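Comments concern the structure below.
The values are calculated or read from the model by the stated rules, or taken from the named source; none is laboratory data. Keep in mind that what you see is a predicted model, and the values were worked out from it rather than measured. Quick reminder, even Gly has a Cβ in these numbers, built from the backbone with ideal geometry, and neighbours come from all protein chains shown. Surface accessibility is based on the protein's heavy atoms, side chains included, excluding ligands, DNA and RNA. Shrake-Rupley method; radii C 1.70, N 1.55, O 1.52, S 1.80 Å.
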Amino acid sequence: MLHCVFLLSSFLYIASASQQTVAVEGIVVCNGKPYKDAKIKIYEKDTLHDDELARVYSDANGHFKAAGTQSEFLGIQAHMNLYHKCDMPFLKRLVPTCYYKAKFTVPSRYISTGSIASETWNAQTIELSLFTKETDCLN
């Protein structure tokens with residue numbers, strides 16, 4: 001009997017989780033010039049390990065647009081990471097997996113219920129050279 005109650009409560013928990021979507025866009029520049037191939041990832045914050053919702057790269061004009069969806073019981077908290085090599089010293093650039101990382105919290109008003117974002121967070125133009133040079137080799 002206890003097993004049946006556990007299964008029923010687990011089912012109700014999963015069934016009540018709502019699908020939520022986040023969308024972001026912007027332009028990345030390095031020293032005022034469009035930055036091509038910056039890696040942009042959207043994550044949903046979790047207690048143990050953040051879930052990757054989307055991954056895109058900036059185009060030749062530095063523009064990017066990404067959206068991702070996740071089902072969560074209590075709602076999602078999203079952040080965007082930008083991985084780049086703007087102003088990275090030559091020898092560091094030779095390590096193909098290491099990038100500088102800039103992290104941005106996506107405002108909660110840009111989290112939509114459902115599978116399509118009702119509003120996109122426009123991060124505007126992001127000058128990568130102005131951010132702290134935190135190195136990430138496991139992105």
Count, please, the residues in the range 85-95 that happen to be in a loop (DSSP other than H, G, I, E, B) and either open to solvent by 100 Å² or more (accessible area, probe 1.4 Å) or β-branched (Val, Ile, Thr) (or both). 2
If we keep only residues of the range 7-33 that are modelled with pLDDT of 95 or more and not in a strand (DSSP E or B), then the residue least open to solvent (accessible area, probe 1.4 Å) is Gly32
For the structure I just gave you, tell me whether Tyr100 is assigned to a strand (DSSP E or B), in contact (Cβ under 8 Å) with a residue 12 or more places away in the chain and out of contact with any Ser or Thr (no Cβ under 9 Å at 6 or more places or on another chain). no
Take the conditions touching a residue at least 60 places away in the same chain (Cβ under 8 Å) and either over 17 Å from the mean Cα position of the chain (by Cα) or part of a helix (DSSP H, G or I) (or both) and apply them to Ser112. Does it pass? no
Flagged in the range 105-120 as in contact with a strand residue (DSSP E or B) (Cβ under 8 Å, 6 or more places away or on another chain) and not hydroxyl-bearing (Ser, Thr, Tyr), in numbering order, are Val106, Pro107, Ile111, Gly114, Ile116, Ala117, Glu119
Residue match in the range 34-47 (condition: of a type in the set (Gly, Ala, Ser), open to solvent by less than 40 Å² (accessible area, probe 1.4 Å) and assigned to a strand (DSSP E or B)): no
Looking only at the range 58-71, which residues are closer than 12 Å to Ile111 by Cα and of a type outside the set (Gly, Ala, Ser)? Thr69, Gln70
Inspect the range 56-67 for any residue being modelled with pLDDT of 95 or more, within 18 Å of Gln19 (Cβ to Cβ) and in a strand (DSSP E or B) and give the result as yes or no. yes
I'm checking my understanding of the structure. Among residues of the range 120-139 that are at pLDDT below 95 and among the charged types (D, E, K, R), which one is farthest from Ile76 (Cα to Cα)? Lys133
Restricting attention to the range 96-134, the residues that are closer than 15 Å to Asp37 by Cα and open to solvent by 100 Å² or more (accessible area, probe 1.4 Å) number exactly 0
